[in-house]
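Derivation of every value follows stated rules applied to the coordinates shown; laboratory data play no part. The structure presented is a predicted model; accordingly, all values stated were derived computationally and were not measured. Neighbour counts run over all protein chains shown; Cβ positions are idealised from the backbone, glycine included.
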Amino acid sequence: MKKIIVPLFSVCLLFMAFQCEDNNTITMEEEKESLNVSKKIIEDLANTSICNETTTCKFIAFGSKPCGGPWSYLTYSTSIDTDRLEGLVNEFNEKQADFNQKWNIASDCSFVTPPLSIECKNNTCIPVY
């Protein structure tokens, strides 16, 4: 039995010593590009919304600053799938917060003020500050 254990143990150690590292780690640039793609999808969806007498204009905090709070506020109307948009924005905000922490991103710590109201002009939701 001992004759089998020693060679088996040696083979296991050999495999452990020469195992390949997992190359599935994502670089900062790749992660940033993924965030940019998500951001564009969200902005494009919000930009398809129109406002009129039967829709309501809304806004949502968009992005995650390293110091906390959003980078901006995204305006949209209820003419689109608002649940989908809000879900995408929440997911994006979480991913950007994780990115900031993972890569030690810094920014100004200024507070971005939400719109005081939103007006519908020419079928577009316009934030009023």
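Within 12 Å, Cβ to Cβ, of residue 66, how many net charges do the neighbouring residues add up to if Lys/Arg are +1 and Asp/Glu are -1?
Values: positive: 65, 102; negative: 98, 108.
Taking every other residue near residue 66 into account, the sum is 0.
Roughly what % of Cα-Cα distances in the stretch 31-128 sit above 15 Å, to the whole percent? Walk me through the numbers on the way to the answer.
Details: 2918 of 4753 pairs.
Counting pairs separated by more than 15 Å, the tail of P(r) holds 61 percent.
I'd like to compare 104-115, 32-43, 55-66: which one has the highest average count of other Cβ atoms within 10 Å, and what's the full order after that? The partial results should precede the final answer.
On the way: 104-115: 10.8, 32-43: 13.9, 55-66: 18.2.
Highest mean packing first, the order is 55-66, 32-43, 104-115.
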